[in-house]
Structures are given as C-alpha cells and as structure tokens.
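Worksheet for the structure shown next.
Where a number appears in this text, it was derived from the coordinates with a stated rule and is not lab data. Everything quoted here is computed from the prediction, not taken from an experiment. Counting neighbours? That spans all protein chains shown, and the Cβs are built from the backbone with ideal geometry, glycine included.
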Amino acid sequence: MAKFLLQFRALFLLVLLSGSVVRTTISVGVGINYGQIANNLPSPSRVAVLLQSLSISRVKLYDADQNVLRAFSNSNVEFIVGVGNEHVPNMTDPTKAQAWVKQHVLPHLPQTKITCITVGNEVLSGNDTQLISNLVPAMKTIYDVLVSLGLNNQVNVSTAHSLTILANSFPPSSGTFKQDLMQYMEPLIEFHSQTKSPFLINAYPYFAYKSNPSEVPLDYVLFRPNQGLVDPITNLNYDNMLYAQIDAAYSAIKAMGHTDIEVKISETGWPSKGDSDEVGATPENAGIYNSNILRRIEEKQGTPMKPSVPIDVFVFALFNEDLKPGPASERNYGLFYPDGNPVYDIGLHGYLPRMSYSSAAYKTQVVHIFGFLIISFTTFLLQA
C-alpha cells in the first residue's frame with residue numbers, strides 16, 4: 001500500500017507539473033512590445049495567459065501575426081499591428097492596401113481589439129530613398145482603406161521613428177527635425193494632424209549613456225534622484241533623459257506649426273546583458289530603468305512641457321529574443337526569459353502555463369496518466 005501511494009503521489013505530481021505555472025513579477029497600465037525573433041518562445045495562447053495575469057492590456061506587434069491575434073480574441077487586450085518595411089511600397093497601391101487590411105485586420109475585429117497600424121519602423125532613419133518617399137503615401141492609402149470600411153475611428157495609422165530624425169534634442173525646447181527630412185516630415189505631420197493619430201518615437205536613453213558614459217550621468221538616464229538639467233529657454237527642469245527626448249519631439253512638431261499631435265513612446269527599454277564594450281548593460285540597471293518607468297506610468301506623470309498629458313509608453317520588450325542580429329544587447333532587452341521567469345525582479349506578478357490547457361497533447365497526456373493510475377489502483381485492489 002505504501003509503495004502504491006508513493007507511485008500515486010509521483011504520478012499525480014507529474015499531472016500537476018504538466019499544467020503548472022511559473023511565478024513571475026507585476027504592474028498595470030504599461031504597453032509591451034511583443035517581438036518574436038526567436039526560436040524558443042512560448043505559444044501565443046500561453047503568452048495571452050501571461051499578459052492577462054500581468055494586467056498588461058496593450059501590446060505592440062511588428063507584424064500582424066494571425067496566430068497571436070487569434071490567441072488574444074475576446075481578451076480585451078488592445079493591439080498595435082505593423083506593416084513591415086518590406087511591404088511599405090506595396091501599400092501605396094489601393095488594391096494591395098485593401099487586401100492587406102482585409103486579410104490582417106478585418107477578420108479579427110471586433111473580437112481582437114486592433115487600435116493602430118504602424119506603417120514601417122524607423123523608415124526615415126534609413127538610407128532607402130524609395131522606401132522613405134513611399135512612407136506617407138502608404139500611410140494615406142491604408143487610412144483611406146480604413147475610411148472606406150468604416151474603421152478609421154477605431155483604428156488609426158502611424159509609423160515609429162528613431163530619435164535620429166532630430167537635428168537637435170537639447171535643450172528640449174530647441175528640438176528640430178533634420179533639414180534633409182523636412183520634405184517628408186511636412187506631409188507626415190499634416191497627416192497626423194488631420195487623422196488625430198499619435199507621433200510615435202523609439203527612445204533609448206541607454207544608447208546615449210553607452211556612447212558617452214563619462215559625460216552622461218547614470219542617475220539621469222535611470223530616473224534616479226539627481227539635480228537634473230535645466231532648459232535655459234523655458235527654465236524647465238528635467239530629472240531624466242526620456243522626458244527631455246519626448247519634449248524635444250514635441251518642440252520639433254511645434255516648430256512645424258502644430259500643437260495638436262500627441263507624442264507617444266512606441267519603444268523604450270534597457271538591456272540586461274551586452275558585449276564587453278556595451279557599458280551599463282546589466283540586470284541591475286535594466287531593473288532600475290524599467291521599474292522607474294512603470295512607477296511613473298502608474299503615477300500618470302507628464303513631461304515638464306506637457307505635465308497634464310500622462311506619458312504613454314510601450315516597453316521593449318516582453319521576451320529576450322535569441323535570433324536577433326547585432327550586439328549581445330539586442331538579444332537581452334526582455335523582461336522575461338522564454339520560460340516565463342523574470343530576467344530581473346521589478347515587482348510584477350503573473351504566470352505562464354507550462355502547457356496549453358486546451359491543447360490536444362495536454363489532454364492526451366492527462367488521459368494516459370489517469371488511465372494508468374486507474375489500472376494501477378485496480379491491480380492493487382485485485383492483489384489485496
């Protein structure tokens with residue numbers, strides 16, 4: 001009897017472990033970038049459980065992955081989906097733009113909440129002149145498709161920019177766009193103004209610190225207490241670089257005659273690991289940066305220039321992505337490892353199922369295990 005009970009306990013533990021959860025860490029009100037350049041990530045259905053347990057209700061994709069969008073059906077999670085740079089030229093064709101929207105967006109509405117389409121990523125920072133010249137026409141064409149489908153009030157159209165599009169970023173009140181980009185910025189800013197869509201920037205204070213650690217104060221880029229820097233024109237004090245970058249973008253837009261466009265952070269983060277020459281890429285710094293970001297989001301803080309407009313941030317990224325090219329830091333921006341364990345503790349709490357509870361494999365495994373338990377128990381009774 002004792003031997004059987006030990007067997008029963010071991011097998012029952014196996015059943016429990018097959019559907020167990022990995023405890024992680026929690027916060028609310030933050031958006032997350034869900035990149036998938038990896039070969040070891042959990043399935044979208046498991047990710048949906050993780051994000052819901054973390055109370056993360058906004059997700060940004062770099063494509064319009066159908067498996068992800070289906071997995072989040074009826075989840076109340078809002079999605080930004082993307083048109084890859086390689087597809088931007090095709091989106092200038094109304095027929096192709098309509099086909100893309102009907103294939104990648106329309107089938108998922110309203111079950112999955114898609115609120116924005118980003119057309120390309122950091123296009124204006126590249127040197128592909130054809131791609132750059134196609135950007136705004138592609139955005140306009142996709143917007144026209146949304147209008148024709150009656151979706152323009154539900155789904156907006158934008159694109160995400162690297163801060164290298166700025167000619168000046170400090171002091172923030174002197175922010176301007178690069179002169180050679182003005183022919184593209186003017187119609188782009190007009191488009192945002194007319195469609196009431198956000199201006200998205202990918203802002204990484206980490207890059208500034210890595211490039212010049214002896215001159216850029218670590219406390220200033222990590223949101224730790226410091227004296228800050230004063231804008232001599234506005235006399236506003238900035239205690240962190242991210243807010244200065246946001247306000248520099250606002251100033252550049254204002255210099256073009258617009259104050260009616262909201263700037264949002266489509267990416268920001270800090271790597272937990274880097275190559276030997278990547279100064280500051282540590283779990284400690286990454287944890288400090290992201291936990292301070294989460295705290296300020298929860299406090300609904302605005303920047304010195306826009307104190308009444310809470311910062312809107314999508315943290316980069318959900319997982320470490322092992323197939324990303326470039327320096328080691330590129331593969332180590334994740335808040336979580338692919339197994340659902342946190343890379344560092346920033347005080348969030350959630351769980352990632354080890355196996356999908358609805359999967360056929362899981363059901364088969366459970367049936368087999370319990371079948372074996374019943375047979376074992378029956379054998380024990382017959383022998384008793």
Discussion item. Once R0 is set to 35 Å, what does the formula 1/(1 + (r/R0)^6) return for the Cβ-Cβ distance between residue 190 and residue 224, expressed as a FRET efficiency to the nearest 0.05?
Written reply: 0.30
Worksheet entry | FRET efficiency for residue 178 and residue 341, using Cβ-Cβ distance with R0 set to 41 Å, rounded to 0.05 | 0.45
Worksheet entry | Listed residue pairs exceeding 22 Å between alpha carbons, taken from 196/306; 196/264; 210/324; 210/300; 96/324; 210/273 | 210/300; 96/324
Fill in: Pair residue 78, residue 153: separation of 7 Å Cα→Cβ label points (nm)
1.7
Fill in: segment 292-305 - phi-based ³J(HN,Hα) in whole Hz, Karplus 6.51/-1.76/1.60, Gly and Pro as x
5, 4, 4, 4, 6, 5, 5, 7, 6, 6, x, 7, x, 7
Worksheet item: At residue 130 and residue 292, where each label point lies 7 Å from the Cα along Cα→Cβ, what is the point-to-point distance in nanometres?
Response: 4.5
Worksheet item: Distance in nm between label sites at residue 168 and residue 258, each 7 Å beyond Cα in the beta-carbon direction?
Response: 2.1
Worksheet item: For segment 114-130, what does the Karplus curve 6.51 cos²θ - 1.76 cosθ + 1.60, with θ = phi - 60°, yield as ³J(HN,Hα) per residue in whole Hz, taken in order and with x for Gly and Pro?
Response: 9, 10, 7, 10, 8, 9, x, 9, 6, 4, 6, 8, x, 10, 8, 5, 5
Worksheet item: For 331, 224, what's the fewest-to-most ordering of other Cβ within 10 Å of each Cβ?
Response: 224, 331
Practice prompt. Between residue 233 and residue 90, take the C-beta separation as r, use R0 = 56 Å, and let me know the FRET efficiency to the nearest 0.05.
Written response: 0.80
Worksheet, complete the sentence: Diffing segment 312-317: the Karplus 3J(HN,Hα) column from phi (6.51, -1.76, 1.60, θ = phi - 60°), in whole Hz with x for Gly and Pro, holds 10, 10, 10, 6, 10, 8
Fill in: Taking all pairs of distinct alpha-carbon atoms in segment 22-353, Kirkwood radius in angstrom
20.4
Item to complete: Would you pull out the residues with amide H under 5 Å of residue 158's amide H, same chain only if 5 or more places away, H placed 1.01 Å from N?
Response: 117, 118, 119
Discussion item. Based only on other Cβ atoms within 10 Å, what is the fewest-to-most ordering of 159, 176?
Written reply: 176, 159
Worksheet entry | Percent of beta bridges antiparallel (DSSP, segment 22-353, rounded to nearest 5) | 20
